[in-house]
Amino acid sequence: MEKKKIYGDTLKEQLIASAKDRLYNFLLAGGSIRGVILSGTKMVNEMRSNHDLGILETLVLGRAYLGAGLMSADLKSDDRISLKFDCSGPIKGLTVEANAFAEVRGFLKKVPIPIEKPMENFDLSPFFGTGFLSVTKYLQDAKHPFTGRVALEYGNIAMDLANYYLISEQIPAAFNLSIKFDTKGNVSGAGGLMLQAMPEAQDHLLSDLEAKVSNLPSLGIAFAGDQDPESFVRDVFKNHTPEFLANRRMEFMCHCNPAKVRSLLTLLPYEDLKDILANGPFPLQMRCHYCNTAFEFSKADVNQVYAKRFPNN
């Protein structure tokens, strides 16, 4: 993967910028509520830069990145999770993955997203339409991936993720996904919060927390103003005795490389490879869908693949 260096060229500059992007696990009300909060401003900005996205596309994909990051909080070792939205609206769909190291990558099916008139607010439901959300967990100790699938009920990533947990995993959950744009259209703050009710959670506690989440101060604004996630949780949920368990860095990251992308050439049919060799153009450029990194291959590279696959032709 090659990231566009929007936060400086030196390692020191990158580390300073990365320090604020973190994911925190915490408990509320003596363990009755499990919570995760993340600050992901750098992650969303790097995603936007690599994929060359406008405001609408950044809002859609950025919210999915934040949601996947939150859902990665209980992953371990080589576990990873994938969110896939397939829909009838102009967005058409998106795919986002996150792993146990809180590394997130993903892409939109349609860029740019067609828009007939200027947006009046950040309601994305008209852009989703009808469709399905699929959540696939790739767990190291499981023989096969597990996929849960639910219909899109809201056209709102936060609400549809909460609906997935309620229907597919029977866990009451609430999500808040927030991206703040400044007057120039730049992302100045981005963050997400997830709360999940444990079996022992009382109804009155759930009602109180549901009201708090509905009236939650903007995470995007809070993180744009340099508030850290831990102090945000302590301020908002102070009556529920927050207990922090762990935290880790959050990052836009894809582990693609020339060898992995080159392997896609080996999947092409005979006629396609033959046509590429005959007509080019060279160098052949191929992009990773997940991070939009471009890789170039010479005619000799393609010929090597062709000769190995079809030695008698």
**OP:** Kindly provide the set of residues from the stretch 66-98 that are surrounded by 18 or more Cβ atoms within 10 Å (Cβ to Cβ) and among the basic types (Lys, Arg), ordered by number.
**Re:** Arg80, Lys84, Lys92
Original post:
Which of the residues that make up the stretch 100-129 are in a loop (DSSP other than H, G, I, E, B), in contact with a Ser or Thr (Cβ under 7 Å, 6 or more places away or on another chain) and buried (at least 19 other Cβ atoms within 10 Å of the Cβ)?
Top reply: Ala102
**OP:** Please name all residue pairs, on different chains or six or more residues apart, with Cβ atoms under 8 Å, provided the first residue is in the stretch 138-161 and is outside the structural domain of Gly89 (by TED's automatic domain parsing) and in a loop (DSSP other than H, G, I, E, B) and the second residue is crowded, with 19+ Cβ neighbours inside 10 Å and among the hydrophobic types (A, V, I, L, M, F, W, C).
**Re:** none
Original post:
Out of all the residues in the stretch 130-149, which are modelled with pLDDT of 95 or more, surrounded by fewer than 16 Cβ atoms within 10 Å (Cβ to Cβ) and among the small types (Gly, Ala, Ser)?
Top reply: Gly148
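The values are calculated or read from the model by the stated rules, or taken from the named source; none is laboratory data. In this text the structure is predicted, and so the values were computed from the model without any measurement. Here Cβ is always computed from backbone atoms with ideal geometry, including for glycine, and neighbour counts include all displayed protein chains.
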